[in-house]
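Visitor: I'd like to ask some things about the structure below.
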Amino acid sequence: MRDPFDLLDSKDASSQLSASTSANNEATYLNILNETQQQAAETTDGPLLVLAGAGTGKTRVLTTRLAHILMQGKAQPWQLLAVTFTNKAAREMKERVSQLLGMTVEGWWVGTFHSIGARILRYHAEVVGLTPSFTILDQDDQVRLVKQYIDIHEIDEKQFPPRTITNVIQRWKDRGLSPDKVTLGEGADMGEGKILNLYRDYQERLRQINGADFGDLLLLGIELFQKQTDVLKKYQRQFRYIMVDEYQDTNVSQYLWLRMLAQGHSNICCVGDDDQSIYSWRGAEVGNILRFEEDFPGAQVVRLERNYRSTPNILAAAAGLIACNEGRLGKTLWTDVNEGEKVRVRGIWDGEDEARCVGDEIEALHSKNHKLNEMVVLVRAGFQTREFEERLIILGIPYRVIGGPRFYERQEIRDAIAYLRVIIQPNDDLAFERIVNLPKRGIGDATMQVVHGLARADRTSLTRAVKKLLTTDEIRPGARKTLADLMESFNRWRDLAPTFQPRELIELVLDESGYTDMWKVSKALEAPGRLDNLKELVVAIEDFESLAAFLEHVSLVMENEDSLVEDKVSLMTLHGAKGLEFDTVFLPGWEEGLFPHQRALDEGGTAGLEEERRLAYVGLTRARQRALVFFAANRRVYGKWQSSMPSRFIDELPQENIEMESAPGLYDRHIGENLAYAGIRSSISRQKPESVIIENANWRVDVTENTAEFALGDRVFHQKFGYGRIIEIDGDKFEIEFEKAGTKKVIGTFVEPT
């Protein structure tokens, strides 16, 4: 392998680039930039922070700055270090710079943190106990390696699955923590210290097999630089200019690695947006960008504020929102295009109405030749896509779920549905095999081989084979008892199916099977999201009279396979939308507890709230022409109706840049009632006046207190469900048998006497 420092004395490459670029007109590539972009591109020496707001052309600035350094003869390609977060961004940077230079350049040090880290490590692998041919483990390899040590360290795999432990180790590495540096405050007590001990063995085993995981590519790089200061100094001399993209997303290891390299020439340029730091859950530290001027004294800061994407109303709404954050450096986006539409904020009844309204808007826009590709629905949590998917299917509108599977394709949903399939059809072998040991019941491969063998011999189903084996000694007693208990459970659930509502039955199955508890005790990062999806499944099944009808519906939905149609509406989470842009952006679910998400508030406090607000800012700034925000007065959570309070983010949107709307009869009364029910009622006079005015920045509503007393059998009217009679009263919650909607549980303030 050729030493990278051999290139430092390469005159041929240097003269070749100089000859090629000398004929280029410097003004040509600089004139395509606006004034502040040009300032950033021409500020080459010393530390520089480029605060690049959404849609301000940061990629153009990055590539032009690279080309400018080369054209000015300040450095050769191998003396530039340009670090990105994705391979796609690195390729795009190389291509754009080559186009500006008019030639293909060799010797680039342009790539992701991991690719550059691996490149350096291979030159000096022996220093950290590896050889240059070391293997880089992917996540599946890491999980398999962790599994080897779970039993050795007596770790409860149900509480700490292998993938969870892998994530814990990676988070430690993201924070620059080798096993000897993990303290109690960093979670060394997790699993009573057993996981830390496993981490030590895991690292030792990696060295034995000459392997490194992705976290090691930087962690070992830091170790290399600390052990061999002469190697560090060589790289410091080599990299005359360092450029970093998306600096707000760097973790501690990336930060430390970069700082060490930048101590040579101090010509480091970091480009990012503190207002778009939304990945703390995967190790990103917004503090890295906030303290740039402290880390690099004398640093210049250039703010890119001219936006080339969105209309003034969208930008002003986003700016007013993000200004509520205290942990930011501050900038104000502007544009010289026309005002455009105001941000539309619409209050609706519930999630079903929300999906219907979004579907209607999509249909209306599409009828006016608006491409489906240029429309996106951005949700805070993955479970929210379910109602939109089903509505778009009904309307026959093609869609794609970006960044994840469709709702009914998700692992936990397929698992739950498999239980229902076995209840309805005991001979469904595929479904039975999927859940026979899920959650883990001690039904191993050996037991299932016996079951499969008998099923093939008798040409029968797996469940019939199990029933037969339960009368013999073919399988060990422990597995036989477990299978007997499982078969008994299925028989009981099957007997209950005709008399139980589908929602009640699936709740019972998920509870008694232990499947919900499996995810509750799991420490996996995705566990809370999977629980949310299971709750949404309960909501989905409530609309069906029987399990059979629901399963048929799922089959029909799953038939909606990806077609060859290219023009499709996109459904995705807000986290997955960063870096993208669309003409029209739908932002549903802006309610307290959902957005900002309650878990983020509980776990992160003020920092969590500010990241949620940055997420809202990212959502708004994805829109070029129009943004539509929705909030519901009610949502069904785990099959139960809950009142919702509009997100505090709605109140933070500047009134002059938004247009408030509401469903008929909701905005003037029920939103007010909803606000009162959610907490404002406690401040209302105990004398229960007939009318109370509630005001905030965006609306003024008349809350009419519902002082009527109700009794069993009273006939009432509900805005959504129509007329019905009260059959049960539980405090302020009524169970009402409606004439057309069936039996529903509702909040008393939402009904009127007739």
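Visitor: Can you pull the one-decimal nm distance between simple spin-label points at THR471 and ALA446, each 7 Å off the Cα toward Cβ?
Guide: If labels sit at THR471 and ALA446, their model points lie 2.6 nm apart.
Visitor: Could you tell me whether the chain comes out rounded, prolate or oblate from its Cα gyration tensor? Rule is a ≥ b ≥ c as square roots of the eigenvalues, rounded for a/c under 1.5, then prolate if a/b exceeds b/c, otherwise oblate.
Guide: oblate
Visitor: Shifting gears a bit: If you roll a 1.4 angstrom probe over the protein chains with everything in place, what fraction of the accessible area of the chain belongs to carbon and sulfur, to the nearest %?
Guide: Here it works out to 47 percent.
Visitor: In debye, nearest 20, what is the charge dipole magnitude of the chain about its Cα centre with +1 on Lys and Arg Cβ and -1 on Asp and Glu Cβ, if you could check?
Guide: Charge dipole, the chain, about its Cα centre: 1620 debye, nearest 20.
Visitor: Continuing with the same structure: On the Cα set of region 612-659, report Rg and Dmax in Å, please.
Guide: 13.2, 38
Visitor: Through the Karplus equation 6.51 cos²θ - 1.76 cosθ + 1.60, θ set to phi - 60°, convert the phi angles of region 185-196 into ³J(HN,Hα) values in whole Hz; use x for Gly and Pro.
Guide: After applying 6.51 cos²θ - 1.76 cosθ + 1.60, I find x, 8, x, 5, 7, 4, x, 6, x, 5, 5, 5 Hz.
Visitor: Once a ≥ b ≥ c are taken as the square roots of the eigenvalues of the Cα gyration tensor of region 272-371, is the result rounded (a/c under 1.5), prolate (a/b larger than b/c) or oblate (a/b not larger than b/c)?
Guide: The shape class here is prolate.
Visitor: Just the accessible area per residue of the chain, please: how many Å² with a 1.4 Å probe?
Guide: Averaged over the residues of the chain, the accessible area is 44 Å².
Visitor: Okay, next question. Per 5 Å bin, what percent of the C-alpha pairs of region 412-492 does each bin hold, from zero upward?
Guide: P(r) for region 412-492, in whole percents per bin: 3, 15, 29, 28, 18, 6, 1.
Visitor: Would you kindly calculate the translational diffusion coefficient of region 99-185, applying Stokes-Einstein with the Kirkwood radius from alpha carbon pairs, for 10 °C and a viscosity of 1.306 mPa s, and quote it in µm² s⁻¹ without decimals?
Guide: Estimated diffusion coefficient is 98 µm²/s.
Visitor: Per the helix-only calculation at 222 nm, which mean residue ellipticity applies to the chain, given -39500 (n - 2.57) for every DSSP H run of n ≥ 4 and division by its residues, nearest 500 deg cm²/dmol?
Guide: -13000 deg cm²/dmol
Visitor: Just to check I understand the Karplus step: with θ = phi - 60° and J = 6.51 cos²θ - 1.76 cosθ + 1.60, what whole-Hz values come out for region 465-473, glycine and proline as x?
Guide: 5, 4, 4, 5, 5, 5, 9, 10, 10
Visitor: While we're on this one: Go through THR166, THR332 and list them by solvent-accessible area, largest first, probe radius 1.4 Å.
Guide: If we order THR166, THR332 from most to least accessible, we get THR332, THR166.
Visitor: Here's a follow-up. Using only the alpha carbons of region 34-104, determine the length spanned along each of the three principal axes and report them from longest to shortest in whole angstroms.
Guide: Principal extents (Cα only, largest first): 30, 27, 21 Å.
Visitor: Using a cut-off of 12 Å between alpha-carbon atoms, which aspartates and glutamates can reach LYS745, once sequence neighbours fewer than 8 places away in the same chain are excluded?
Guide: GLU728, ASP730, ASP732, GLU735, GLU737
Visitor: Another question, if that's okay. Which of rounded, prolate or oblate describes region 148-209 when judged by the alpha-carbon gyration tensor and an a/c cut-off of 1.5?
Guide: Verdict is oblate for region 148-209.
Visitor: Taking 0.36 nm per intervening residue step and subtracting the Cα-Cα distance, what contour gain separates LYS74 from TYR308 on full extension?
Guide: Fully extending the segment from LYS74 to TYR308 adds 81.2 nm.
Visitor: Which of the pairs LYS194/LYS523; LYS158/LYS194; LYS147/LYS440 have their Cα atoms more than 19 Å apart in this structure?
Guide: Checking Cα-Cα distances, every pair stays at or under 19 Å.
Visitor: Give the cross-link partners of LYS227 among the lysines, using a straight C-alpha distance below 25 Å as the criterion and excluding same-chain residues fewer than 8 apart.
Guide: By straight Cα distance, LYS227 reaches LYS173, LYS181.
Visitor: Here is a follow-up. Taking the Cα centre of region 152-291 as origin, work out the dipole magnitude from +1 charges on Lys and Arg Cβ and -1 charges on Asp and Glu Cβ, in debye rounded to 20.
Guide: 620
Visitor: Grab the beta carbon distance between SER546 and ASP517, set R0 = 30 Å, and tell me the FRET efficiency rounded to 0.05.
Guide: Efficiency, rounded to the nearest 0.05: 0.65.
Visitor: Follow-up. Can you list the aspartates and glutamates whose alpha carbon is less than 14 Å from that of LYS740, not counting same-chain residues fewer than 8 positions off?
Guide: Answer for LYS740, where 14 Å is the Cα cut-off: ASP543, listed by chain and number.
The values are calculated or read from the model by the stated rules, or taken from the named source; none is laboratory data. None of the values given here were measured: they were computed from a predicted structure. Quick reminder, even Gly has a Cβ in these numbers, built from the backbone with ideal geometry, and neighbours come from all protein chains shown. To get the accessible areas, we keep the full protein, side chains included, count just its heavy atoms, and leave off ligands, DNA and RNA. Shrake-Rupley method; radii C 1.70, N 1.55, O 1.52, S 1.80 Å.
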